[in-house]
Structures are given as C-alpha cells and as structure tokens.
Amino acid sequence: MPLICEIAAGRGIRVVEDCAQAHGASLDGQLVGTFGDFAAFSFSPEKMICTGQGGIVLCREAGTQERLRQLASKGKGTGWHDYIELGYSYVMPEFEAIAGLSGLRQLPDAIAAAARAVAVYQEAFFGTALRIVNAPPDAKPSYFKCAIRLPAQSSHLRDDIYTAIAAENVRVRVTHPSLDTIPWVASTLAKHQRGRPAPNLCPIANRELPLVLELESSVSEEDAWRSAAGVLRAFNHVERLTKAW
Ligand SMILES: Cc1ncc(COP(=O)(O)O)c(C=O)c1O
C-alpha cells in the first residue's frame, strides 16, 4: 500500500482501498483503510461486520464526506428539498446501523477467533502438501477466510478436490478468478488490443489463484480440526484416485 500511495501521489492519482473483507486488518501497525484517499468496507453477509448488505466509505479530504453523503442520499443536501445533483438511494437504515455497531464491538473477538481457527488449520496441514496462504510478516490479517493453496501439480484436480471437500460437509469455496479472466473485463481488454495478442496482465494471479481454495475461518477450534480432517481426507482421496489411473 505505501508504495501504491507513493506512486499515485507523484501522478495526482487518487487511491481507493478495497477493504471489503479486511475489517480490523493492519499493515506494519497501520489499519487498512487509512492508507489511501478513500476506502470501502463491505458489510454484506459473511463479512467480519455484517449489516445484511451495504458497507461504509472512509475518506481523507475535507469536503469529500459531504459529497459522498449527498451522492448516497439521492443527490440531496441537508435540506429536505435541497436537490443538488443526480444521486443514489444508498443510505443505511437505522436497524442496519445497529447491527453494524454491534458487529464493531464484536470485531476484536471475531478476529481473534478467526486467527485461532487459522492456527488450527496451520497445525493440521503442517507437513502435508497443502499450505496456508500466509500474510506478509508485517501484516496482521483479519482472516475473513482461510486461503489454502494446493500444490502446483494438482492444479488440474482443483475442481475434484473442491467437490470432495464439500462432500465431507466442509464449507469451502473456490477463490476469485484473476481480474483479466472475467469475461467482460477480458472482452474490454481485447477491444483495446485491436487484434493484437492480449498481454498476460496478471501472471502471478493467473498462476496462483486457480490453486487456492477458501475455508471457513469463523468456526470454533473444534470445528476447524474437524474441517481440516475432512479436507485432508478429501485431498488424499483425490490424489490416490488419480495415481491409481
Ligand atoms: C475484495 C472485495 N471487494 C468488493 C466486494 C464487494 O462487496 P459488496 O458485496 O458489499 O458489494 C467483495 C465482496 O465479497 C470483496 O470480497
């Protein structure tokens, strides 16, 4: 983040931090959401703070807060008939705000509980071919999910492993695709290429993301042990079957 902010500052570019999943996470002691000019946190289901849907935007510069409020409130100013510009109807209902405040109070406990579950996964997968995707040493993640990485040689088995883990009744999901493989992004990029071959814009994401599965981290330590055992059974089962072929 500091490097991104430095590059952007030199070019007059505003930085918007996508902190959708990272409530309470920090980098080198600095909370995420405080690096850029704007930051957005999601409060949608499964997030560390959930209000049902929606989220919150942080902003640094004086004046931007009022503009954001205005845009979220049908383009209106503070007066009832104060129509200033075309806006949206994104205001947060009070009931949702109450849920959000309660989530905020529970956030430190939720982060600590998720870290304990991840520590269980770490111990359970130690010495196996699976590994936890670790955060950099200067980062303190909030562990919205626990990302596990399959060995590179198992990449073609990812979907079979996923299905076998789900069949063990373990909550698992395939991680997000690389941005440049999302069909509408790919076709937009292709238009800009005007017939030239598409550059490999995200080589690391394209190599790594197809190997990553996400496990539930908001579980008790007991459930994390149970889930880890299910994951290992499923992984070993698929590996054994493919070797037997
Ligand atoms: C990294 C990231 N950005 C943005 C979003 C979108 O958040 P929302 O569902 O609140 O629109 C998500 C949702 O999971 C996300 O994980």
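The values are calculated or read from the model by the stated rules, or taken from the named source; none is laboratory data. Bear in mind that the values here come from a model prediction, so they are computed numbers and not experimental data. Cβ sites come from the backbone with ideal geometry, for glycine too, and all protein chains shown count toward neighbours.
Determine, yes or no, whether PHE43 is within 22 Å of the chain's Cα centre (by Cα) and either closer than 24 Å to CYS5 by Cβ or surrounded by fewer than 14 Cβ atoms within 10 Å (Cβ to Cβ) (or both). Answer is no for this residue.
For (1) touching a helix residue (DSSP H, G or I) at 6+ places or on another chain (Cβ under 7 Å); (2) part of a loop (DSSP other than H, G, I, E, B); (3) under 21 Å from ARG149 (Cβ atoms); (4) among the aliphatic types (A, V, I, L, M), each residue gets a yes or a no:
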position: PRO177; (1), (2), (3), (4): yes, yes, yes, no
position: GLU208; (1), (2), (3), (4): no, no, yes, no
position: ALA228; (1), (2), (3), (4): yes, no, yes, yes
position: HIS237; (1), (2), (3), (4): yes, no, yes, no
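Restricted to the stretch 1-66, the set of strands (runs of 3 or more DSSP E) holding at least 1 residues that are in contact with a Cys (Cβ under 7 Å, 6 or more places away or on another chain) and away from the ligand (no atom under 12 Å from the Cβ) comprises 38-42.
When the residues of the stretch 199-217 are filtered to those that are among the polar types (S, T, N, Q) and surrounded by fewer than 16 Cβ atoms within 10 Å (Cβ to Cβ), the one that is farthest from VAL133 (Cα to Cα) is ASN200. Screening ASP138 on (1) over 30 Å from ARG171 (Cα atoms); (2) in contact (Cβ under 8 Å) with a residue 60 or more places away in the chain; (3) acidic (Asp, Glu) shows it passes everything except condition (1).
Collect the residues in the stretch 18-37 that are surrounded by 17 or more Cβ atoms within 10 Å (Cβ to Cβ) and without any contact (Cβ under 8 Å) to a residue 40 or more places away in the chain, keeping them in residue-number order. Result: CYS19, VAL32, GLY33, PHE35, GLY36, ASP37. Count of the stretch 136-165 residues, restricted to those that are loosely packed, with under 15 Cβ neighbours inside 10 Å and under 20 Å from PRO210 (Cα atoms), is 7.
Listed conditions (1) closer than 30 Å to ALA113 by Cβ; (2) over 21 Å from the mean Cα position of the chain (by Cα); (3) surrounded by 12 or more Cβ atoms within 10 Å (Cβ to Cβ) are all met by ASN169, apart from (3).
Among the residues of the stretch 180-206, those that are part of a loop (DSSP other than H, G, I, E, B) and either among the basic types (Lys, Arg) or at pLDDT below 90 (or both) comprise ARG194, GLY195, ARG196, PRO197, ALA198, PRO199, ASN200, LEU201.
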